[in-house]
Each structure stands twice: as C-alpha cells, then as structure tokens.
Amino acid sequence: MSQPDSAHVMTAVMDYIRRSQAELARVIETKQKKIESERNSLIEKLEGEILQLRRRKSELNEVEFTNDAVWSLENFLSLTFTEPQVKNWSDVTFDGDEFTEQGAVAALERAVTKEIKTLCDPDWKEMRRHAVDVTLDPDTAHPLLVVSPDGKQVARGDAKRTQPKKPERFDHVLNVLAKEGFSSGKFYYEVQVEDKNHWDLGVANQSINRKGDIRLSPGNGYWTIYLRKGKELAANAGPAANITVRQTPKKVGVFVHYEVGEVSFYDGDSGAQLFSFVGWSFTEKLFPFFSPSANHGDNNNNNTAPLIITPVKPGS
C-alpha cells in the first residue's frame, strides 16, 4: 500500500473511532438516564406504599382499648379499612449489565475492527501466504466461453462452439470451474476483473448442479459475490447482500479456510475486506468458480474483457 493510501486509511480509521466514541457515549448516557428514571419511579412507588402502611398503622393506633371491651370493639369497627395494595417486589431487577462501560468498549472494539477490515484487513497479507496456482478447466466451461491455452483467462466468445457433452460441463449458464479442488486447509487466489461490468466469483462444491438454470447460493453449494452494471456489488448469500465499497475493485482476492467454514473476498489491491461467508460446514471438495457473464452495454462498455487469474506475490 502506498504512503498516500496509508494516510487515507489511518485518517478514516481515526475519524471512525472518534465518531464511534461519541455515539457510544450517547448510548451509555441514554441508558443510564433510563435506569435512573426506572429507579426513581420504583422509589416513588415504594414510598407510596410505605405511606399507605403508615396511615393504616396510625388509624389503628387511634383506637384505645379500655376495660370497656364493648365500647372499644364498637370504636374499632367504626373505622373503614381497605387492604393496602402492596406489590411483590421480589422479582424486580434492573437491566444494567447490557450497557456497562465494559460492554460498550467491547462493542466499540468490534465496530472498529470491522471498519478497519473494510479499509485494509491486517490479516490480508497472511492470507496471501496461502496463495495457490489456479488454472481453469475447459471441460467444465460453457460452450460460449473461451478459455485461454494457459488456463488463466476466460471470456465470452462470439459464437457457441461445438464441445463434447460432458457431465462436468455447464450447459446453460456462462460458468467455469478450476481444475484444482481443495478439501482441507487454507487457500487464496486473485482474479483481475478490471474493465468488466458483470462477473461472478467464488468457490463451489464438487457436486453442484451444472445443467440448466442455476441459482448461486450457499444452499446450492456456491459461495460467490458478483458485480452488475459496473457498480452494484453484492454477495449471493440467498438473499443477496449488498456490499458497500469506496471504489469498485479491479482485482478480487478469494480466501478459503476449509476447517472453519470461511470464504472471504478482498480488494486485491488495497486488502479491504469485501464480504465473508462464515460458519459453514464444508464436507466435500471446493473448486474456484468463475463467470465472466454475458456481454452488456454498447461498444464502449460491453463486458468483453476476460477474467484473468493473476499471480500472487505474498510479500507485496
């Protein structure tokens, strides 16, 4: 990351921390006022009950019992008593733990960590150390797709080519898988998406359906993100989850940690985290997934550029 980029990231993080600190202070103050109001209300109710009990006691004290038992009984019965309405306070508690100072600080830490990752994930360089060599498998490519001889690029062709019908080939949607599959450990790869306005990227289960119309979602064995209209970035999370970015990435990094069930996407230039699928349980081999999508728009912006698997330099 260049020095100007670093300065921008640090400025953005410090600004976010300041705004978060002010917001958390407001939340804590609001909660404290609410608790104080609840306590004051409770005190008022208790004082009211105590006053009722004192009045009843005073009325009883006014009855003088003498040797004339009949007179004393008549005097006592002449008083009108009502049972004091006293509440059972044994179950009353105050919800003060949720917004303790420690809880607020923990919330700030989580929020700042999340914000930092959207600017430049500190763990990104470590993830890139798990870079793998990925090549496209032409036997899985839709007949309209053209895979380069070295297996590093794929784009939509001008015409549908005659290809052998194979069970592993996508026959309806413009998709292709990598030759390499992974069933353990961590792996990372990067794809250049520059000059494209439509694409889908991610990983897929080995057993996915490859025939007919396909809906990309984790439930169907796909963990992917996509770009539409050159600016609409989202995750195929079923339903789609919009991804907010400061600028549309020109290169996308894909990181998978098989054992913990994580698939994360990064801006391959800045290291900003785009989206993460977490908490999944993978049970079969995962293959890198690519879709350059159909050509769209006019001649100045028609999505003909290829998706390019680019070499990863872990130290960069």
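Of the candidates ASN301, ASN295, the single residue that is at pLDDT below 95, open to solvent by 70 Å² or more (accessible area, probe 1.4 Å) and in a loop (DSSP other than H, G, I, E, B) is ASN301.
Give the residue that is farthest from GLU190 (Cα to Cα), with candidates limited to residues of region 255-270 that are in a loop (DSSP other than H, G, I, E, B) and open to solvent by less than 10 Å² (accessible area, probe 1.4 Å). Checked region 255-270; the qualifying residue farthest from GLU190 (Cα to Cα) is GLY261. In region 134-162, the residue that is farthest from LYS179 (Cα to Cα) out of those that are open to solvent by 60 Å² or more (accessible area, probe 1.4 Å) and in a strand (DSSP E or B) is ARG156. On inspection, LEU274 does not qualify as farther than 24 Å from LYS186 by Cα and outside any loop (DSSP other than H, G, I, E, B).
For region 228-254, filtered to residues that are open to solvent by less than 10 Å² (accessible area, probe 1.4 Å) and within 13 Å of the chain's Cα centre (by Cα), the residue that is nearest to HIS198 (Cα to Cα) is ALA234. Cβ-Cβ contacts under 8 Å between residues 6 or more apart (or on different chains), taken from a first residue in region 189-217 that is at pLDDT below 95 to a second residue that is among the β-branched types (Val, Ile, Thr) and outside any loop (DSSP other than H, G, I, E, B), are listed as ARG210/THR140; LEU216/THR224.
Here GLU284 passes the criteria (1) open to solvent by 10 Å² or more (accessible area, probe 1.4 Å); (2) touching a strand residue (DSSP E or B) at 6+ places or on another chain (Cβ under 7 Å); (3) over 17 Å from ALA178 (Cβ atoms) except the one numbered (3). Restricting region 40-54 to residues that are of a type outside the set (A, V, I, L, M) and touching a residue at least 24 places away in the same chain (Cβ under 8 Å), which is surrounded by the fewest Cβ atoms within 10 Å (Cβ to Cβ)? Checking each candidate, the answer is LYS45.
The values are calculated or read from the model by the stated rules, or taken from the named source; none is laboratory data. As the structure is a computational prediction, the values presented were derived from the model and not from experiment. No Cβ is skipped: glycine too gets one built from the backbone with ideal geometry, and neighbour counts run over all protein chains shown. Please note that ligands, DNA and RNA were not included when accessible areas were found on the heavy atoms of the full protein model with its side chains. Shrake-Rupley method; radii C 1.70, N 1.55, O 1.52, S 1.80 Å.
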